[in-house]
Amino acid sequence: MVRQRSSARMIRPPPPHSKPRTRPIIHVRSLRLLALLLWAAPAAAESQWAKASPGGGGAFLSVDVSVTGKVLVGSDLSGAYMRAGTGSWTRLGKSDGLIRTSIACVRWSPATGESALAGGRNGLYLSTNAGVSWQATGGPPLFQNDYFSAIGWSRSHSLTVYVAGAGSTADTTVLLWRSLDGGANWSSVTHDLPTSEALRALKLIVHPSDPNTLYLITGPDGLIAPKVLIPKRAFYKSSDGGNTWVLKSGADEALDVAVHPTTPGTLLMTVSTGTDNTGLVKRSIDGGDTWNVVLSNTGAVWWDLPNAYLINVGLDACSPIPANAGKYMSSDGGVNWSRIDTGLTWETGWSDCPHARGIPDGGVANALSGKGEYWVTSQFVWRYTAGKFTNAFSTNVGPGRWITTGIDNA
């Protein structure tokens, strides 16, 4: 009979009187010599550092600047960002009262720098202390379940505010609300905007001296197209507080509109002729009833008296810069225009030119702040200074915060 050997290895005990193993001794003198040799060795050339940002996700959708110079930026994932002048950015989120951090539209009160509204997916929020803290506003049932995409604040009656949106981010029926107490409480506005075609409210403007006259830009945004029917690009006007609306002729494919602050019958409008980069600038002197073409270009338009300005924000072609790109100015009420900046020196951030620039998901109408001080794209926030757009990087890193040198949508 042959016995089978076990496959398990036998562990023998150490022989008696064996000495334990000891680690090799490294003398202090040897360590000092090694350190000296490493210090004396030639070092590799150091790489140069560049401004960086993680780009953790999401997009910037809207921007506004208060009368006191405070900047507010809305992000579709990270809440809002705020800074005073050119100081450091502060991120506003749940701990500040923005318990829903998808912010599609932001607006400061045109009367003071104390009140502001921020709305987006599932919520509309109000700040009455210059953006330090926020609270959900009161409205009809399910008000905080709706989607808010546009805010219009009256300049002549600072307590009158309108907001527009939809039942959800995928809904193409416009909902409208009005507040008569500065945005604290809201009531639904019954209106006759068409429900038979897809509409998304992108920009809402209140007449400078009549709080019952409203202007509305509709069109697609990044949250809805091309998932469902692409919303119609159009320009509507209401003269009775939003109850009845008129689709203005000549405003097909409307992208943006600006109402003259002191002569409100004069309007400027940009339209598309195929893309958001090419189109026409039109002018009206009868409140939008009739229009004349004044420039073969398109983009975001605004008044900063005594001049009018236009920026073509579709700089997705960067080499070479398109001939219609850059900033334009009119000094005669929007009749004649001159190119004052080609866009050639505008910065690109840590990305490449096509991805760093362009039009935000909120559309052309939300790309720039009221006087063109800031421009938001999906990846970056830009500030116009010294004749060009530069990255609005932060100047300070707060203690215990994960922030790079920029305003980070992460």
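The values are calculated or read from the model by the stated rules, or taken from the named source; none is laboratory data. No experiment lies behind these values; they were computed from the predicted model shown. In this analysis, Cβ positions are derived from the backbone assuming ideal geometry, glycine residues included, and neighbour counts consider all displayed protein chains. Note: accessible area is taken over every heavy atom of the protein model, side chains too, but ligands, DNA and RNA are not part of it. Shrake-Rupley method; radii C 1.70, N 1.55, O 1.52, S 1.80 Å.
Working from Cα pairs under 8 Å separated by at least six residues, relative contact order for the stretch 245-323 is 24 percent. Split the accessible area of the stretch 327-388 by element, probe 1.4 Å, and carbon with sulfur accounts for 50%.
Please label the shape of the stretch 178-223 as rounded, prolate or oblate, based on the square roots a ≥ b ≥ c of the eigenvalues of the alpha-carbon gyration tensor (a/c under 1.5 means rounded; beyond that, a/b larger than b/c means prolate, else oblate). In terms of gyration-tensor shape, prolate. If the limit is 32 Å between Cα atoms, which of 94/282; 94/237; 94/248; 203/327; 237/388 go over it? Pairs exceeding 32 Å: 94/282; 94/237; 94/248; 237/388.
Stretched out straight at 0.36 nm per residue, the stretch from residue 262 to residue 209 would grow longer than its current Cα-Cα span by 18.2 nm. Under a model in which nothing but the beta-carbon of Lys, Arg (+1) and Asp, Glu (-1) is charged, the stretch 251-367 shows a dipole of about 260 debye around its Cα centre. Any chance you could check the Cα centroid distance between the stretch 103-175 and the stretch 276-316 for me, in angstrom? The stretch 103-175 and the stretch 276-316 have Cα centres separated by 26 Å. Per residue, how much accessible area does the stretch 165-209 have with a 1.4 Å probe, in Å²? Here the per-residue accessible area is 39 Å².
Just the protein heavy atoms count here, and of the accessible area of the stretch 221-316 at 1.4 Å, carbon and sulfur take up 54 percent. Across all Cα atoms of the stretch 278-338, the radius of gyration (one decimal) and Dmax (whole number) stand at 12.2, 41 Å.
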